[in-house]
Amino acid sequence: MPSRPLPPLSVVALLVAAANAHGAGSGLGLKLDPSLSTPALENDEGLPVFVDANEIRGRLERDVEARGSARFRTRDKRLFADWLLYQVEPDEVEAVGNVRLERNNGDVLEGSRLKLNLQTEQGYLQEPTFHLGVQNARGDAKELLFVGENRYRVDHGRYTTCGPGDDDWYLRARDLNLDRNANVGTAYDASVVFFNQPILYTPWMDFPLSDERKSGFLSPTLGTSGKSGAEFSIPYYWNIAPNRDATITPHIMSKRGLMIGNEFRYLEPGMRGTARFEALPDDKVQGDDRWAAYLLHTQTWGPWSLYANLQRVSDNDYFRDLSTQIHATSKILLPREGMASRAGSLGSTGQWILSGFVQRWQTLQDPRAPITPPYNRWPQLTLDTVNYDVLNTDVAFNSSYTHFEHPTLVNGRRLVAYPSIALPLQTPYAYVKPKLGLHYTRYDLDQVSATAQDANRSVPIFSAEGGLAFERNTNIGGRDYLHTLEPKVFYVYVPFRDQSRLPNFDSALSDINFASIYNENQFAGQDRINDANQLTLGVQSRLIDPQTGIEQLRVGFAQRFYFQDQQVTVPGVPARSGKGSDILAALSGRIARSLIAEIGMQYSSELNETQRFAVGARYQPDVGKVLNLGYRFTRHVLENVDLSAQWPIARGWSGVGRMNYSLRDGRIAEGLAGIEYNGGCWVLRVVHHNVAVGKGDSSRSIFLQLELNGVARVGSNPLDVLRQNIAGYTKINEPQGSALPPLR
């Protein structure tokens with residue numbers, strides 16, 4: 001039966017008759033919707049299907065043909081073409097001329113001819129161009145095959161995340177599979193083309209179509225260093241489960257050989273952790289097997305909290321020789337420690353904490369600057385309690401038992417018990433807190449000598465802390481502030497006890513700062529308790545935004561005054577002289593919207609000279625614009641100038657750099673210089689990094705990276721180095737906001 005044009009109402013009647021003839025199982029029904037100017041169809045599930053065009057033809061029970069600005073709509077698709085044909089029984093649509101298919105997931109596909117089965121989601125699109133609704137991805141090909149719901153197979157196609165009309169780079173592949181369900185793209189016989197020049201070929205690669213984690217090879221990295229030569233690595237990311245993953249990294253170094261690294265991360269109910277391991281069999285330079293291991297684990301086990309931090313390397317020079325992913329807490333001292341702790345309540349106003357701790361150290365010695373290793377603790381048990389309401393007093397008890405081990409120094413055990421009672425008195429504008437305690441220590445040594453003997457020590461400690469808080473509203477520069485003035489006084493009295501024959505397992509002179517100047521004991525650790533008759537005076541003033549509570553400015557001063565000479569010391573440190581400590585002064589705050597700064601000084605009034613001085617400032621007016629300035633001075637120890645920046649220098653170009661220069665040693669402790677270019681859909685980074693790794697020794701690295709947005713990073717990755725060296729650094733192709741972070 002030949003097809004012929006029908007007016008819209010006749011088409012409706014024709015299709016209704018066809019539907020009635022087939023019955024409910026026909027798969028297609030038709031109803032007239034008076035609110036629409038086009039026929040409204042329904043499938044088996046009662047979901048509407050719309051067809052509209054300048055001219056519509058139909059053949060009874062078989063198909064609908066639309067010509068001229070044809071439109072076909074279902075729940076999740078919209079199809080536009082010059083001509084289209086919808087066939088009822090196979091539930092299939094065919095379209096020719098200016099074909100455009102839009103899907104609810106944001107995908108848009110265009111071509112010259114389309115055929116698609118709506119049930120199986122299989123078909124083809126000729127001469128396609130496509131735009132995926134993720135990562136601004138687009139591409140073209142000879143032909144695109146529909147191979148299932150939200151899955152495409154592209155024949156001899158191109159793929160890029162550059163915008164329309166911008167083909168700076170693209171991925172060219174013989175066969176390209178785009179799985180929008182798994183959000184993974186897979187390319188076979190693929191090349192990366194950058195400004196019309198192939199720069200990378202791979203027989204197979206996959207890449208994410210979203211920010212979700214997916215298993216697969218990550219971008220390879222290339223680099224060079226003076227100690228290891230040319231370096232190449234290609235990590236494999238294994239998404240084991242939503243709460244577990246691993247990254248396995250073969251790392252080839254031309255001078256040394258093949259290193260295999262692995263990082264495993266886990267997040268389970270009540271526990272989490274990271275484990276890393278690297279192995280370099282038969283280092284060609286050193287001739288030995290070399291390795292590094294790291295584990296950080298935290299866990300809640302019933303009422304107990306568990307913690308482990310295990311780090312170890314094969315030799316003293318591991319960090320100085322090798323580029324590594326092991327982020328040790330120190331490159332000199334590597335801990336192996338674990339702790340189990342449990343807390344409980346003492347009525348409604350008190351609590352207790354019981355913990356067990358073991359700790360051993362690996363000391364990485366530099367023959368040019370050897371150090372004495374610290375003591376191992378094997379084990380340490382502590383019990384701390386506090387009750388804040390015992391006849392209006394605060395009652396506390398701190399205790400510990402520690403077994404100290406050392407390969408060359410005296411070994412022994414130490415028991416500490418420190419009960420105390422305090423009487424807090426407070427009003428809205430003032431407080432006073434007198435406190436009295438008794439510090440008891442018992443030593444049991446394995447080797448007794450003239451300077452280390454078994455002994456008991458009992459030291460009474462009295463302290464009293466008090467302060468005032470004044471507030472007023474003020475206006476500065478047209479802005480309202482809450483202005484505070486907070487003077488503070490702290491008195492300590494500790495009688496002298498001869499401690500010269502006691503061992504020194506862990507005590508050292510504390511650095512004086514705004515926290516330690518208000519401590520009862522000027523020594524860290526438990527082996528030395530200072531004799532004291534002293535008074536600390538301090539004051540701070542703050543400007544606070546009353547609307548947000550944000551502190552805009554803080555200034556503070558503090559000094560300790562001694563009423564008697566010092567008698568208790570630690571080995572190698574002379575007794576202090578003078579009647580007052582160094583003066584501490586500090587100023588910090590947000591000077592302007594984009595500028596924050598801080599200044600700290602420690603000044604000796606007795607010697608009439610500055611002992612320590614530090615100044616830091618950060619100017620960050622926008623994302624990708626940051627300037628950092630720092631200066632640190634410690635008399636007879638260090639004097640460093642630290643400058644770092646990330647700043648645009650031309651359209652698309654940014655400079656990055658850092659110089660931490662030691663004025664005392666006359667050399668760069670750490671330096672970095674580089675440039676970045678943001679091409680919109682790609683970023684190029686070139687960075688040179690130089691860091692001192694030992695006395696008279698340094699390590700140099702060059703990073704060259706091309707980042708193709710959403711697909712790959714080619715070259716060596718400098719991002720971690722940039723973040724560590726430039727406070728406030730942000731990726732120029734992924735701005736994170738303009739809020740100023742605190743100074744480091």
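Summary of values
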| item | result |
| --- | --- |
| Sequence-distant residues sharing a close amide H with F561 (under 5 Å, placed H) | L535, T536, L537, S581 |
| Reach of K435 by Cα under 25 Å, taken over lysines that are not fewer than 8 positions away in the same chain | K488, K579 |
| The chain - charge dipole about Cα centre, Lys and Arg +1 at Cβ, Asp and Glu -1, debye rounded to 20 | 1540 |
| Rounded FRET efficiency, nearest 0.05, which uses the C-beta distance separating Q351 from R320 and R0 of 35 Å | 0.15 |
| Percent RCO, i.e. relative contact order, over the chain, from Cα pairs under 8 Å lying at least 6 residues apart | 5 |
| Helix-only [θ]222 nm of the chain, DSSP H runs n ≥ 4, -39500 (n - 2.57) each, per residue, nearest 500 | -1000 deg cm²/dmol |
| Directionally averaged projected area (convex hull, Cα atoms, segment 356-512), nm² | 15.6 |
| √(5λ) per eigenvalue of the Cα gyration tensor, the chain, largest first, Å | 69, 33, 28 |
| Accessible area per residue in Å² at 1.4 Å probe, computed on segment 573-632 | 53 |
| Three-way shape call for segment 94-136 based on the alpha-carbon gyration tensor, with the a/c threshold at 1.5 | oblate |
| Of all accessible heavy-atom area on the chain, the percent that carbon and sulfur account for (1.4 Å) | 55 |
| Ellipsoid semi-axes in whole angstrom, largest first, where each is sqrt(5λ) of the Cα gyration tensor of segment 106-265 | 34, 20, 12 |
| Where labels lie 7 Å past Cα in the beta-carbon direction, separation of Y603 and L415 in nm | 5.0 |
| T247 paired with E405, simple spin-label distance in nm, labels 7 Å along Cα-to-beta-carbon | 3.5 |
| Degrees separating the helix 8-22 axis from the principal Cα axis of the chain, which is the longest one | 90 |
| Trypsin sites (Lys or Arg not before Pro) restricted to segment 273-381 and DSSP loop, no more than 11 other C-beta within 10 Å | R368 |
| Environment charge of L482, counting only residues whose C-beta is closer than 9 Å and scoring Lys/Arg +1, Asp/Glu -1 | -1 |
| Residue-wise HN-Hα coupling along segment 282-289, computed from phi with Karplus coefficients 6.51, -1.76, 1.60 (Hz; x: Gly, Pro) | 6, 4, 5, 7, 8, x, 10, 6 |
| Gyration tensor verdict on segment 630-675 (Cα atoms; rounded if a/c is under 1.5, prolate if a/b is larger than b/c, oblate otherwise) | prolate |
| Largest-first ellipsoid semi-axes for segment 510-559, taking √(5λ) over the Cα gyration tensor eigenvalues, angstrom | 32, 12, 7 |
| Projected label distance in nm at L310 and Q547, using a 7 Å step from Cα toward the beta-carbon | 5.4 |
| Percentage relative contact order, segment 104-186, counting C-alpha pairs under 8 Å, at least six apart | 21 |
| Built amide H within the under 5 Å cut-off of G679, gap 5+ | L684 |
| Amide hydrogen neighbours beyond the local backbone of S314, cut-off 5 Å, H modeled | W291 |
| Relative packing of peptides 185-193, 477-485, 630-638, 555-563 - highest average C-beta neighbours within 10 Å first | 185-193, 555-563, 630-638, 477-485 |
| Overall form of segment 583-733 per C-alpha gyration tensor (a/c, 1.5; a/b vs b/c) | oblate |
| In sequence order, calculated HN-Hα J values of segment 192-205 (Karplus, 6.51, -1.76, 1.60; Hz; x Gly/Pro) | 9, 10, 10, 6, 6, 10, x, 10, 7, 10, 8, x, 7, 7 |
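The values are calculated or read from the model by the stated rules, or taken from the named source; none is laboratory data. Just so it is clear, the model here is predicted, and its values are computed rather than measured. No Cβ is skipped: glycine too gets one built from the backbone with ideal geometry, and neighbour counts run over all protein chains shown. The accessibility values were calculated without ligands, DNA or RNA, using every heavy atom of the protein model including side chains. Shrake-Rupley method; radii C 1.70, N 1.55, O 1.52, S 1.80 Å.
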